[in-house]
Amino acid sequence: QVQLVESGGGSVQAGGSLRLSCAASGSIFSINAVDWYRQAPGKQRELVARITSGDSTNYTDSVMGRFTISRNNAQNTVYLQKNSLKPEDTAVYYCHTLVHMAHYWGKGTLVTVSS
(Lines give C-alpha, C1' and ligand atoms only; values in the text may rest on other atoms or scores of the structure.)
Protein backbone atom coordinates (compact mmCIF):
# COMPACT_ATOMS: atom_id res chain seq x y z
CA GLN A 1 0.00 0.00 0.00
CA VAL A 2 1.35 3.37 -1.02
CA GLN A 3 0.61 6.49 0.99
CA LEU A 4 1.22 10.00 -0.25
CA VAL A 5 1.19 13.00 2.07
CA GLU A 6 1.25 16.55 0.76
CA SER A 7 2.35 19.57 2.77
CA GLY A 8 3.37 23.17 2.26
CA GLY A 9 0.08 24.76 1.30
CA GLY A 10 -1.14 28.02 2.74
CA SER A 11 -2.18 31.55 1.97
CA VAL A 12 0.01 33.94 0.03
CA GLN A 13 -0.37 37.19 -1.84
CA ALA A 14 -0.09 37.38 -5.60
CA GLY A 15 3.52 37.36 -6.69
CA GLY A 16 4.59 35.26 -3.75
CA SER A 17 6.05 31.77 -3.58
CA LEU A 18 5.31 28.44 -1.95
CA ARG A 19 6.94 25.04 -2.03
CA LEU A 20 4.77 21.97 -1.83
CA SER A 21 6.11 18.60 -0.75
CA CYS A 22 4.79 15.10 -1.43
CA ALA A 23 6.22 12.37 0.76
CA ALA A 24 5.70 8.71 -0.10
CA SER A 25 5.50 5.84 2.33
CA GLY A 26 7.85 3.66 0.32
CA SER A 27 10.77 3.90 -2.05
CA ILE A 28 8.61 4.18 -5.10
CA PHE A 29 9.45 7.56 -6.45
CA SER A 30 12.75 6.44 -7.86
CA ILE A 31 10.97 4.06 -10.25
CA ASN A 32 7.75 5.88 -11.00
CA ALA A 33 6.56 9.13 -12.46
CA VAL A 34 4.91 11.51 -10.01
CA ASP A 35 2.34 14.15 -10.82
CA TRP A 36 0.97 17.25 -9.18
CA TYR A 37 -2.68 17.94 -9.93
CA ARG A 38 -4.89 20.77 -8.73
CA GLN A 39 -8.59 21.34 -8.39
CA ALA A 40 -10.02 24.82 -8.11
CA PRO A 41 -13.51 25.41 -6.72
CA GLY A 42 -16.12 24.42 -9.26
CA LYS A 43 -13.56 23.10 -11.73
CA GLN A 44 -12.24 19.73 -12.79
CA ARG A 45 -8.97 18.40 -11.48
CA GLU A 46 -6.15 19.24 -13.86
CA LEU A 47 -2.59 18.01 -14.29
CA VAL A 48 -0.11 20.72 -13.36
CA ALA A 49 3.30 19.05 -13.55
CA ARG A 50 4.90 15.66 -13.97
CA ILE A 51 8.35 14.28 -13.29
CA THR A 52 9.39 10.90 -14.65
CA SER A 53 11.73 8.36 -13.16
CA GLY A 54 14.35 9.73 -15.53
CA ASP A 55 13.77 13.27 -14.26
CA SER A 56 12.05 14.50 -17.40
CA THR A 57 9.48 17.16 -16.55
CA ASN A 58 6.29 18.45 -18.12
CA TYR A 59 4.08 21.38 -17.18
CA THR A 60 0.71 22.67 -18.15
CA ASP A 61 0.99 25.89 -20.13
CA SER A 62 -0.47 28.11 -17.42
CA VAL A 63 2.38 27.35 -14.98
CA MET A 64 5.27 27.06 -17.42
CA GLY A 65 8.18 29.20 -16.25
CA ARG A 66 6.67 29.74 -12.81
CA PHE A 67 6.49 26.24 -11.28
CA THR A 68 9.29 23.71 -10.96
CA ILE A 69 8.84 20.05 -10.07
CA SER A 70 11.76 18.12 -8.60
CA ARG A 71 12.43 14.95 -6.66
CA ASN A 72 14.66 13.67 -3.91
CA ASN A 73 14.66 9.90 -4.21
CA ALA A 74 16.69 9.41 -1.04
CA GLN A 75 13.93 11.14 0.93
CA ASN A 76 11.06 9.70 -1.16
CA THR A 77 9.81 13.22 -1.71
CA VAL A 78 8.70 15.22 -4.71
CA TYR A 79 8.51 19.00 -4.59
CA LEU A 80 6.61 21.67 -6.47
CA GLN A 81 8.23 25.09 -6.24
CA LYS A 82 5.69 27.73 -7.14
CA ASN A 83 6.81 31.26 -7.90
CA SER A 84 5.01 34.36 -9.17
CA LEU A 85 1.74 32.99 -7.84
CA LYS A 86 -1.52 34.30 -9.25
CA PRO A 87 -5.04 34.26 -7.81
CA GLU A 88 -5.99 31.69 -10.46
CA ASP A 89 -3.48 29.30 -8.88
CA THR A 90 -5.83 28.99 -5.91
CA ALA A 91 -6.75 25.32 -5.60
CA VAL A 92 -6.27 22.13 -3.66
CA TYR A 93 -3.05 20.52 -4.90
CA TYR A 94 -2.79 16.73 -5.03
CA CYS A 95 0.12 14.39 -5.47
CA HIS A 96 -0.40 11.31 -7.65
CA THR A 97 1.52 8.26 -8.75
CA LEU A 98 0.82 5.00 -10.51
CA VAL A 99 2.24 1.80 -9.04
CA HIS A 100 1.58 -1.58 -10.68
CA MET A 101 -1.37 -0.04 -12.54
CA ALA A 102 -2.96 1.25 -9.34
CA HIS A 103 -3.53 4.98 -8.84
CA TYR A 104 -2.53 6.58 -5.56
CA TRP A 105 -3.51 10.06 -4.42
CA GLY A 106 -2.70 12.18 -1.44
CA LYS A 107 -5.42 14.03 0.45
CA GLY A 108 -4.32 17.37 -0.95
CA THR A 109 -3.05 20.66 0.38
CA LEU A 110 -4.87 23.96 -0.07
CA VAL A 111 -3.17 26.92 -1.69
CA THR A 112 -4.92 30.29 -1.57
CA VAL A 113 -3.52 33.24 -3.51
CA SER A 114 -5.01 36.65 -2.80
CA SER A 115 -4.80 39.65 -5.11
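Quick look at the numbers
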| read-out | value |
| --- | --- |
| Residues that are open to solvent by 40 Å² or more (accessible area, probe 1.4 Å), more than 15 Å from GLN75 (Cα to Cα) and either touching a Lys or Arg at 6+ places or on another chain (Cβ under 9 Å) or among the basic types (Lys, Arg) (or both), drawn from the stretch 1-32 | ALA14, GLY15, SER17, ARG19 |
| Given (1) modelled with pLDDT of 95 or more; (2) out of contact with any Phe, Trp or Tyr (no Cβ under 9 Å at 6 or more places or on another chain); (3) surrounded by 19 or more Cβ atoms within 10 Å (Cβ to Cβ), number of the condition SER114 does not satisfy | (3) |
| Given (1) surrounded by 15 or more Cβ atoms within 10 Å (Cβ to Cβ); (2) in contact with a helix residue (DSSP H, G or I) (Cβ under 7 Å, 6 or more places away or on another chain), index of the condition GLY106 fails | (2) |
| Per-region count, the stretch 73-93, residues of a type in the set (D, E, K, R) and free of Cβ contacts under 8 Å to residues at least 60 places away in the same chain | 2 |
| Top-ranked residue in the stretch 19-78 [being of a type in the set (Ser, Thr, Tyr), within 18 Å of LYS107 (Cα to Cα) and out of contact with any His (no Cβ under 8 Å at 6 or more places or on another chain); ranked as modelled with the lowest pLDDT] | SER25 |
| Number of the exception - PRO41 against (1) farther than 15 Å from LEU80 by Cα; (2) in contact with a strand residue (DSSP E or B) (Cβ under 7 Å, 6 or more places away or on another chain) | (2) |
| Selection count where residues are farther than 18 Å from TYR59 by Cβ and either touching a residue at least 40 places away in the same chain (Cβ under 8 Å) or under 17 Å from the mean Cα position of the chain (by Cα) (or both), scope the stretch 22-37 | 9 |
| Test for ARG45: is it surrounded by fewer than 20 Cβ atoms within 10 Å (Cβ to Cβ), charged (D, E, K, R) and over 10 Å from the mean Cα position of the chain (by Cα) | yes |
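A quick yes/no check of all residues on (1) assigned to a loop (DSSP other than H, G, I, E, B); (2) surrounded by 15 or more Cβ atoms within 10 Å (Cβ to Cβ); (3) at positive phi:
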residue	(1), (2), (3)
GLY65	yes, no, yes
THR68	no, yes, no
ALA74	no, no, no
LEU80	no, yes, no
GLU88	no, no, no
VAL92	no, yes, no
HIS96	no, yes, no
LEU110	no, no, no
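The values are calculated or read from the model by the stated rules, or taken from the named source; none is laboratory data. Just so it is clear, the model here is predicted, and its values are computed rather than measured. Glycine also receives a Cβ, built like all others from the backbone with ideal geometry; neighbour counts cover every protein chain displayed. Areas reflect the complete protein model, heavy atoms only, side chains present, ligands, DNA and RNA absent. Shrake-Rupley method; radii C 1.70, N 1.55, O 1.52, S 1.80 Å.
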